[in-house]
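The structure appears below as structure tokens.
Coordinate-derived values only; no laboratory data. Bear in mind that the values here come from a model prediction, so they are computed numbers and not experimental data. Reconstructed Cβ throughout: ideal geometry from the backbone, glycine too, with neighbour counts over all protein chains shown.
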Amino acid sequence: MIGTLVFVLAFLAIGLSVVLAAMRSGRPPAGSKKETRAQRRVWSVGIAVVIVALGVTLPAVILVNNGEDHASHGAGGVQLTGAQTNGRALFAEKCSTCHTLAGSHAVGRVGPNLDTLNGGNLKPAFVLDAIKNGRASGNGQMPSGLLYGDDAKDVADYVATVSGR
Ligand code: HEC
């Protein structure tokens, strides 16, 4: 949405600068005053501003917009918090090899499918417990202590939010 607007504005700006440049070029008609030094400076500053706006600001705005959108878009249209976005990245690294979770495009089959486990209704505390203690006292296939502290909490929060979506 914002991207489209910026795009249209950019083309308006290009069109406008072409028209202005065309009007400006050519010799001044006989009798009219020559451009002063100050006027020429205004022109070059104006052109520099347009170039910076198109070449730097426009890509930057679009990049920032896209980046934010994708990173925080959870499955099923959920908007993720910063912590959950962190959790999503960690899940991909530490959990996706063994677990299926549609929200992370994870298809691991070693552990239970986290979309269907308990009907996709997982509580953060339950996931956190699995991360902290592992299963089978850490001697099973789900090891304990894959993550600690805030990282463990972020992943638990993320999984609970997107499971079953
Ligand atoms: C090496 C493979 C492996 C990895 C890596 C792994 N798990 Fe597991 N996970 C398992 C297995 C196997 C089970 C089933 C263990 C059982 O029930 O005894 C399991 C069970 C679970 C359960 C359900 C526990 C229960 O009581 O039913 C949750 C939730 C879970 N894992 C979350 C995670 C999260 C989050 C991560 C990443 C931090 C992760 N797992 C990483 C293999 C793995």
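Close amide-amide hydrogen proximity is noted between ALA106 and LEU101, each under 5 Å apart and 5 or more residues distant or on a separate chain (H modeled in the peptide plane; Pro and chain starts excluded).
Please check: in the Gaussian network model of the chain (C-alpha springs, under 10 Å), which one of LEU80, LEU12, LEU90 has the largest mean-square fluctuation. Taking springs between Cα atoms under 10 Å, the residue moving most is LEU12.
Can you put ILE62, ILE131, ILE14 in order, fewest other beta carbons within 10 Å first? Don't skip to the answer; put the middle values down first.
Details: ILE62 15, ILE131 23, ILE14 12.
Ordered by Cβ neighbours within 10 Å, fewest first: ILE14, ILE62, ILE131.
Each pair of Cα atoms in the chain enters the Kirkwood radius, and Stokes-Einstein at 4 °C and 1.567 mPa s then converts it into a translational diffusion coefficient of 64 µm²/s.
Note on ALA89 and ALA38: the model spin-label points, each 7 Å out from Cα along the C-beta direction, lie 5.2 nm apart. Along the range 110-127 the Karplus relation, 6.51 cos²θ - 1.76 cosθ + 1.60 evaluated at θ = phi - 60°, assigns HN-Hα couplings of 6, x, x, 5, 6, 7, 9, 4, 6, x, x, 10, 9, 8, x, 4, 5, 5 Hz to successive residues, with x for each Gly and Pro. Charge dipole of the range 67-165 (Cα centre as origin; +1 on each Lys and Arg Cβ, -1 on each Asp and Glu Cβ, all else neutral): 360 debye, rounded to the nearest 20. Its Cα centre serving as origin, the chain has a Cβ charge dipole (Lys and Arg +1, Asp and Glu -1) of approximately 1080 debye.
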